[in-house]
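To start, the structure itself, in structure tokens.
Since every read-out is calculated from the coordinates, none of them should be taken as a lab result. All of these numbers come straight from a predicted model, not from anything done at the bench. Please note: Cβ atoms are built from the backbone with ideal geometry, for glycine as well, and neighbour counts cover all protein chains shown.
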Amino acid sequence: MTTGRQAGIVFVVGMMVMSAMVASTKVQSQPSAFGREAPSVFDGVLSNVIGSPEMSTAELRAALTEGSAIVLDARPYEEYAVSHIPTARAVPAKAGTTPALYVQLGAPGWRALGGVMQVEKPALLRLLAQDATSVLIDARADVGSKPRLRNAVSIPLPQASKAKDDGRLPMTDHNTRIFVVGTNGSEARAVAEAIVHDAFHNVTFFGGAITDLPELLDDEER
């Protein structure tokens, strides 16, 4: 993760390397049978070989909340569309560039530390069609609101915790894909964050409105 301090701060991320993860996962290198130091997990996956400054998860969260930074996601657009840090901008590498040059382990860590992710419309439609186990959540506060989403489960924010126990959330598999949509992105994000805090690990929200998804509406609502 690289920072620059000019007109503003720009964070360039592959898959979001966070110093909190680095501090907890760095291990000592072990000598190899050939007399040279074998690379450690840290060296091979998390090492900051170019020496650019890093930031903590707390610093990143604060920057996102304050709007004091621009976050650039350098992964291929297909990955970005499936799930990305909210407000991050897609700046995929040049065609033909090997992912090994810019992808690092971090998005799973962001999720594990309670970070919520955002999904783009094309990826949302594709994943709902391909993954029969996925769950679509209608986050609107007014239960029974129209237009109605096809096969969606209604979980407004005040009911997020209760949904764990009444069968609306998949308690037998906390890795189930969960997509949250609402009246707007802010409402969807709030419910997504509440679900993440209940230990669900694969939650993303749609940043637009339900009306932006006519493909998912009940036939009578189109």
14 Å cut-off, amide nitrogen to a point 7 angstrom out along residue 183 Cα→Cβ, residues in region 200-218: 209-211
Projected label distance in nm at residue 174 and residue 131, using a 7 Å step from Cα toward the beta-carbon: 1.7
nm² value of the averaged projected area, convex hull over the Cα atoms of region 117-222: 5.9
For residue 72, distant residues with modelled amide H under 5 Å away: 11, 12, 13, 89
Residues with amide H under 5 Å from that of residue 153, placed H, sequence gap 5 or more: 136, 137, 138
Mean Cβ neighbour count within 10 Å, used as a protection proxy, ranking 57-63, 201-207 highest first: 201-207, 57-63
Rounded FRET efficiency, nearest 0.05, which uses the C-beta distance separating residue 70 from residue 97 and R0 of 30 Å: 0.90
Neighbour net charge for residue 197 - beta-carbon separation under 13 angstrom, K R +1, D E -1: +1
Inter-probe distance in nm under a simple model that places probes 7 Å from Cα toward Cβ, at residue 159 and residue 62: 3.8
Neighbour net charge for residue 128 - beta-carbon separation under 14 angstrom, K R +1, D E -1: 0
